[in-house]
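Asks: Got a structure for you, questions after.
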Amino acid sequence: MSRVVIIGSGQAGVDCAFGLRQQGHTGPVTLVGDDPELPYQRPPLSKDVLKSRGETGWMPLRGEALYARQDITLRLGQPVREIRRTDRQVILADGSALPYDHLVLATGARNRLPPLPGLAEAAPLALRNAADTRRLIAALPGVARLAIIGGGFIGLETAAALQGSGIEVTLFEAAPRLMSRSVSPELSDWFRRFHEARGTTIRLEARIEEVRPGQLLLAGGEVQAFDALLLAAGVMPNVELAEAAGLTTGNGICTDDTHATSDPAIFAIGDCAEAPTPFAVGPVRLESVACASEQARRVAAILTGKPPPPPAPPWFWSHQGSARLQIAGLADPCDTIEVEGPLADISDAATLIIRRYRDGCLTAVETVNQAREHMQARKTLSSLRDSKVADRSRL
Ligand SMILES: Cc1cc2nc3c(=O)[nH]c(=O)nc-3n(C[C@H](O)[C@H](O)[C@H](O)COP(=O)(O)OP(=O)(O)OC[C@H]3O[C@@H](n4cnc5c(N)ncnc54)[C@H](O)[C@@H]3O)c2cc1C
């Protein structure tokens, strides 16, 4: 009866715990998380929860009673301080030791703090967990001008959730376009126009030189005043625990294609893990619910001696007001882009499909308000993966 300890009570950790039971694992399963709250879904925080000012949208990952029913021991509000690999134990902040046969690291990611003078002292608001969200919502009634640092998904979803509220939102992005790590230049530009038309001011290639109380100092001497500052400039993986235990890390905790780390008794999944996938040229660390859940299901199968499901094409979504963005696949590097739909239409009813190719092969499909096309793209990418695997087996 293998004892499994999972560190991190987010999407990946919870799905792994329940996945183990679904696969018939009968040994003890313990889920340890530093967040004191019953595990919850993060995506609604920057969407329905923020838009409703906390009145609706909070979604637990599983009902509280299910943990007891599935015999999953929850240790919440308990940071893990150390992994002792030689004794196969993890040590919690209260000093207690949990023995394991298999350990799953699902420690997620935390907000990146860009090295800007005055930023840490300004204690910017964040939107990473439930406590951050409550703090942001509590601050809003006194805010006329909100400055957001970062033009990725979280910054833009926040801007969308506040559109029409009377709060003047200015978003500062250092790159020349929005969501530059995730979407095509065509879609970046479409979203810029979409948000600007709804009242958000977007500053691309913004060079913030210093943060002062209530002020951003920009290159060229420009001063931007704000009442509240939200930091949404990306995340960094929580790898320190793994690193201190001597596991191999890079842009995340490095794993092989079975999600095993450099210690075969320890696995890493979700936002904290860097893993190979047939859909990318090298190992990648993905930040999405779909990826966290998929890796969790695969590890649950592996730990119960079953063949893991084949890796599915990565996919993401981001709801920004009326625009339902979905991305299937990983685009980069990409050499050809094909657009279907009028890019000029930024109305609430707009629909778009953008296909991205490398060497003539489809690598990603971005859609706006085209759920059926998105599902089709995931099927197409799966079949392309299968044909690539078949090609390799003939070599
Ligand atoms: C506001 C917001 C909106 C999002 N919207 C979307 C979306 O629309 N679509 C989408 O696909 N994805 C979205 N994401 C991303 C998605 O939520 C994450 O990719 C997913 O939650 C990753 O799950 P995870 O379990 O790997 O990490 P996390 O959910 O971050 O969970 C990791 C947990 O481990 C804990 N932990 C870390 N170190 C320790 C330790 N030493 N001891 C104990 N516990 C520890 C962390 O505190 C955290 O609770 C969003 C994220 C946020 C923050």
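Asks: Quick one: with all protein chains in place, what share of the accessible area of the stretch 300-395 is carbon or sulfur, to the nearest percent (1.4 Å probe)?
Replies: Values: 2820 of 4950 Å².
Carbon-and-sulfur percentage of accessible area, whole number: 57.
Asks: Then there is this: Using helices alone, I'd like the mean residue ellipticity at 222 nm for the chain: each DSSP H run of four-plus residues gives -39500 (n - 2.57), total over residue count, nearest 500. Numbers along the way, then the final one.
Replies: Working: 9 runs with 98 residues, N = 395.
Roughly -7500 deg cm²/dmol at 222 nm, from the helical runs in the chain.
Asks: Report the accessible area of residue 209, computed with a 1.4 Å probe over the heavy atoms of all protein chains in place, in Å² rounded to the nearest 10.
Replies: Accessible area of residue 209: about 110 Å².
Asks: With a Förster radius of 25 Å, plug the Cβ-Cβ distance of residue 58 and residue 322 into 1/(1 + (r/R0)^6) and report the FRET value to the nearest 0.05.
Replies: Details: r = 22 Å, r/R0 = 0.90.
Calculated transfer efficiency: 0.65.
Asks: Also, quick follow-up: Normalized C-alpha radius of gyration of the stretch 322-393, against 2.2 N^0.38 Å? Present the calculation step by step, with values, prior to reporting the outcome.
Replies: Values: Rg = 13.4 Å, N = 72, 2.2 N^0.38 = 11.2 Å.
Taking the Cα Rg and dividing by 2.2 N^0.38 Å, one obtains 1.20.
Asks: I need the trypsin sites (Lys or Arg not before Pro) found in the stretch 63-131, filtered to DSSP loop residues with at most 16 other beta carbons within 10 Å of theirs. Mind showing how you got there, number by number?
Replies: Values: sites: 69, 75, 81, 84, 85, 88, 110, 112, 128; in loops: 85, 88, 112, 128.
Those satisfying the criteria are 85, 112.
Asks: Per Stokes-Einstein, at 4 °C and 1.567 mPa s, what whole-number D in µm² s⁻¹ belongs to the stretch 197-346, with the Kirkwood radius over Cα pairs as the hydrodynamic radius?
Replies: On the way: Rh = 19.0 Å.
Calculated translational D: 68 µm²/s.
Asks: Take the Cα radius of gyration of the chain and divide it by 2.2 N^0.38 Å, with N its residue count; two decimals is plenty. Don't jump to the answer; show the numbers that get you there.
Replies: Numbers: Rg = 21.8 Å, N = 395, 2.2 N^0.38 = 21.3 Å.
So the chain has a normalised radius of gyration of 1.02.
Asks: Hey, what's the per residue convex hull volume over the C-alpha atoms of the stretch 1-78, in cubic angstrom? Mind dumping the intermediate values first?
Replies: On the way: hull volume 6.6 nm³, N = 78.
Roughly 85 Å³ of hull volume per residue.
Asks: Given 0.36 nm per residue, what is the gain on full extension from residue 70 to residue 23 after removing their alpha carbon distance, in nm? Don't skip to the answer; put the middle values down first.
Replies: Details: separation 47, 0.36 × 47 = 16.92 nm, distance 1.19 nm.
The residue 70-residue 23 span can extend by a further 15.7 nm.
Asks: Tell me, what is the per residue accessible area of the chain in Å², probe radius 1.4 Å? Intermediate results must be reported in sequence, preceding the final value.
Replies: Details: 17410 Å² over 395 residues.
Per residue, the chain has 44 Å² of solvent-accessible surface.
Asks: Between residue 1 and residue 134, what is 0.36 nm times their sequence separation minus the Cα-Cα distance? Round to one decimal in nm. Provide the component values of the computation, followed by the final result.
Replies: On the way: separation 133, 0.36 × 133 = 47.88 nm, distance 4.11 nm.
Gain on stretching residue 1 to residue 134: 43.8 nm.
Asks: So for the stretch 113-233, Kirkwood radius off the Cα pairs, Stokes-Einstein at 4 °C and 1.567 mPa s: how many µm² s⁻¹? Working shown, then result.
Replies: Numbers: Rh = 14.5 Å.
Here the translational diffusion coefficient equals 90 µm²/s.
Asks: To continue, here is another question. Which of the GluC sites (Glu not before Pro) found in the stretch 69-169 are in a DSSP loop and have at most 16 neighbouring Cβ atoms, other than their own, within 10 Å?
Replies: Working: sites: 82, 121, 157, 168; in loops: 121.
When the GluC sites (Glu not before Pro) of the stretch 69-169 are filtered for loop state and at most 16 Cβ neighbours within 10 Å, 121 remain.
Asks: Any chance you could give the angle, 0 to 90 degrees and rounded to 10, that helix 130-139 forms with the longest Cα principal axis of the chain?
Replies: 20 degrees
Asks: Could you give each residue of the stretch 142-151 its phi-based ³J(HN,Hα) in whole Hz, using Karplus coefficients 6.51, -1.76, 1.60 with θ = phi - 60°, and x for Gly or Pro?
Replies: Those phi angles translate into x, 10, 9, 10, 10, 9, 10, 9, x, x Hz.
Asks: Could you give the alpha-carbon Rg of the stretch 296-337 over 2.2 N^0.38 Å, rounded to two decimals? Mind showing how you got there, number by number?
Replies: Working: Rg = 15.7 Å, N = 42, 2.2 N^0.38 = 9.1 Å.
After normalising by residue count via 2.2 N^0.38 Å, the value is 1.72.
The values are calculated or read from the model by the stated rules, or taken from the named source; none is laboratory data. No experiment lies behind these values; they were computed from the predicted model shown. Backbone-built Cβ (ideal geometry, glycine too); neighbour counts: all protein chains shown. Calculation scope for accessible area: heavy atoms of the full protein, side chains included, ligands and nucleic acids excluded. Shrake-Rupley method; radii C 1.70, N 1.55, O 1.52, S 1.80 Å.
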